[in-house]
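Trainee: Below are the structure tokens for one structure; questions will follow.
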Amino acid sequence: MRCNTGPGNDMHAISGMIIAGIAGYLSSDKPKHVGRTDEDQSADRGPMRAVVCTAYGPPDVLQLKNVAKPFPKNDEVLVRIRATTVSAADCELRSFDFAPWIWLPIRLAFGISRPRQPVLGQELAGDIESVGKDVTSLNEGDRVFVATGIGLGGYAEYICMREDPRTGAIATMPASLSYEEAAAVPYGGGEALEFLRKANVQSGQRVLINGAGGSFGTFAVQLAKAAGAHVTAVDSAQKLEMLRTIGADRVVDYGQEDFTDSPESYDVIFDVVRNTPSGRMVRSLKDNGCLLMANPGFLQIVRAKWASRRSKKRVTFAASGGTNEDLAYLRSLVEAGKLSPVIDRRFPLEQIVEAHRYADSGEKLGNIVITVA
Ligand SMILES: NC(=O)c1ccc[n+]([C@@H]2O[C@H](COP(=O)([O-])OP(=O)(O)OC[C@H]3O[C@@H](n4cnc5c(N)ncnc54)[C@H](OP(=O)(O)O)[C@@H]3O)[C@@H](O)[C@H]2O)c1
């Protein structure tokens with residue numbers, strides 16, 4: 001498979017994601033799979049603990065509160081959450097740290113003064129406590145891992161998920177992993193899988209991951225290795241040893257070396273951070289190479305498209321999140337010993353503020369896990 005994004009497809013993908021986000025959040029069909037806040041807790045099914053994002057801002061805006069426990073509809077399961085994570089995307093949403101060109105659409109989609117969906121957390125692992133009557137593929141007692149998508153909701157004791165979510169994914173988790181390990185797979189693993197699929201990495205190809213030491217990057221290194229590629233991993237000096245242990249063939253300290261200065265060229269460059277000029281990255285591609293950008297600014301996209309305009313090189317920058325089948329595929333790789341989540345620190349739910357402070361520091365190796373129960 002070739003890099004399958006033609007010019008314009010990425011624009012459609014990004015604007016589609018934004019429009020889907022706005023439509024999803026503003027319409028009556030928006031994801032409602034987490035508990036309501038204490039204002040409307042008077043009703044029914046008793047409380048659960050959840051971390052509520054009370055405003056956009058520093059980690060202190062996160063507060064542990066009692067909210068109403070959700071109840072599954074006919075096509076949903078109720079998951080008792082055992083572990084979740086703090087991802088870069090959770091921190092970006094909490095602090096509302098978005099590029100100017102997508103600032104307004106995302107603000108409209110997620111809430112003007114504070115997140116309309118106040119419970120963050122994009123991935124989790126837990127047990128299915130009850131199932132709706134129309135659910136056929138999941139059972140009470142199943143140990144599952146979940147990508148919540150834009151519905152979020154991981155920072156809580158319970159979540160309802162559709163059997164076939166419109167955003168996000170759910171599947172039985174790898175038997176060999178603990179809840180804490182499994183919780184770290186769906187988001188970073190799913191997004192890395194989707195990006196690398198767009199480039200169709202082949203055995204023997206040379207792949208460079210820029211920002212390899214974080215959530216996307218640690219999965220991308222292992223997925224590219226599983227595909228048989230030669231992998232160069234770029235990150236800060238303190239992350240390079242870990243990157244070697246998960247399979248990187250070559251490591252580059254970005255503080256010492258700019259990989260775009262080297263004559264080396266790559267079939268695929270997966271850029272997780274936005275600190276390297278995109279035109280230079282395009283020039284570091286082989287003739288049919290593919291640049292994947294997870295976190296680009298508008299000018300970076302324009303420059304990359306411009307630099308690639310008279311070549312067979314391809315540039316893509318959008319992923320829409322994984323599916324249930326993607327989670328099942330990731331599970332098979334874990335069980336085959338080809339994929340293993342990199343876990344840095346673990347924090348209890350009560351220490352979510354400290355966990356976000358640590359994530360904001362940029363020091364994390366791979367993933368930060370939150371133990372819920
Ligand atoms: N495009 C899409 O469709 C899409 C979808 C979902 C998410 N995203 C975005 O994609 C990003 C995912 O990142 P993640 O979760 O993997 O983040 P992460 O866990 O924070 O990892 C980022 C890594 O990059 C390293 N880094 C920082 N500056 C660098 C530089 N100049 N050169 C090389 N490496 C550098 C960091 O290490 P140090 O801090 O030690 O430098 C860190 O190890 C987020 O911004 C998220 O919002 C995009």
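Trainee: Given the conditions (1) in contact with a helix residue (DSSP H, G or I) (Cβ under 9 Å, 6 or more places away or on another chain); (2) at pLDDT 95 or above; (3) more than 13 Å from the ligand (Cβ to nearest atom), report the number of the one that Ile343 does not fulfil.
Mentor: (3)
Trainee: Report, ordered by the first and then the second residue, all pairs with beta carbons closer than 7 Å, sequence separation of six or more or different chains, a first member in region 178-198 that is under 23 Å from Arg82 (Cβ atoms), and a second member that is basic (Lys, Arg).
Mentor: Tyr179/Arg82; Glu180/Arg346
Trainee: Same structure again: Identify the single condition in (1) modelled with pLDDT under 95; (2) more than 24 Å from Phe216 (Cα to Cα) that Ile106 does not satisfy, given that it satisfies every other one.
Mentor: (2)
Trainee: So which helices (runs of 4 or more DSSP H) are wholly in region 223-329 and hold at least 2 residues that are without any contact (Cβ under 8 Å) to a residue 60 or more places away in the chain, among the hydrophobic types (A, V, I, L, M, F, W, C) and within 16 Å of the ligand (Cβ to nearest atom)?
Mentor: 240-245, 298-307
Trainee: On to the next question. Going by the structure shown, is Leu333 buried (at least 23 other Cβ atoms within 10 Å of the Cβ), hydrophobic (A, V, I, L, M, F, W, C) and either assigned to a strand (DSSP E or B) or not assigned by TED's automatic domain parsing to the domain that holds Leu223 (or both)?
Mentor: no
Trainee: Report those strands (runs of 3 or more DSSP E) wholly inside region 87-176 carrying at least 2 residues which are over 30 Å from Val273 (Cβ atoms).
Mentor: Output list reads 123-131, 143-147, 158-162.
Trainee: Separate question: Would you pick out the residues in region 57-109 that are aliphatic (A, V, I, L, M), within 14 Å of the ligand (Cβ to nearest atom) and under 23 Å from Asp344 (Cβ atoms)?
Mentor: Val86, Ala88, Ala89, Leu93, listed by residue number.
Trainee: Mind listing whichever residues of region 197-222 are assigned to a loop (DSSP other than H, G, I, E, B), under 19 Å from Glu363 (Cβ atoms) and not hydrophobic (A, V, I, L, M, F, W, C)?
Mentor: Passing the criteria: Gly211, Gly213, Gly214.
Trainee: If I filter region 323-330 for residues that are buried (at least 23 other Cβ atoms within 10 Å of the Cβ) and of a type in the set (Ser, Thr, Tyr), do I get at least one hit?
Mentor: no
Trainee: Within 14 Å of the ligand (Cβ to nearest atom) and either assigned to a helix (DSSP H, G or I) or surrounded by fewer than 24 Cβ atoms within 10 Å (Cβ to Cβ) (or both): does that describe Glu194?
Mentor: yes
Trainee: Looking at (1) under 17 Å from Lys313 (Cβ atoms); (2) surrounded by fewer than 24 Cβ atoms within 10 Å (Cβ to Cβ), which is the one condition that is false for Val251?
Mentor: Result: Val251 fails condition (1) only.
Trainee: Picking from Ala319, Ala359, Ala304, which residue would you name as being surrounded by 23 or more Cβ atoms within 10 Å (Cβ to Cβ) and either of a type outside the set (A, V, I, L, M, F, W, C) or within 16 Å of Gly188 (Cβ to Cβ) (or both)?
Mentor: Residue meeting the stated conditions: Ala359.
Trainee: List pairs: first residue in region 350-373 and part of a loop (DSSP other than H, G, I, E, B), second residue more than 9 Å from the ligand (Cβ to nearest atom) and among the basic types (Lys, Arg) anywhere in the structure, Cβ distance under 7 angstrom, at least six positions apart or on different chains.
Mentor: Val372/Arg82; Ala373/Arg82
Trainee: Please verify whether region 203-213 includes one or more residues that are more than 16 Å from the ligand (Cβ to nearest atom), touching a residue at least 60 places away in the same chain (Cβ under 8 Å) and buried (at least 24 other Cβ atoms within 10 Å of the Cβ).
Mentor: no
Trainee: Taking into account only those residues within region 346-373 that are within 12 Å of the ligand (Cβ to nearest atom) and of a type outside the set (Gly, Ala, Ser), which is nearest to the chain's Cα centre (by Cα)?
Mentor: Here the answer is Asn367.
The values are calculated or read from the model by the stated rules, or taken from the named source; none is laboratory data. Computed from a predicted structure; not experimentally measured. Here Cβ is always computed from backbone atoms with ideal geometry, including for glycine, and neighbour counts include all displayed protein chains.
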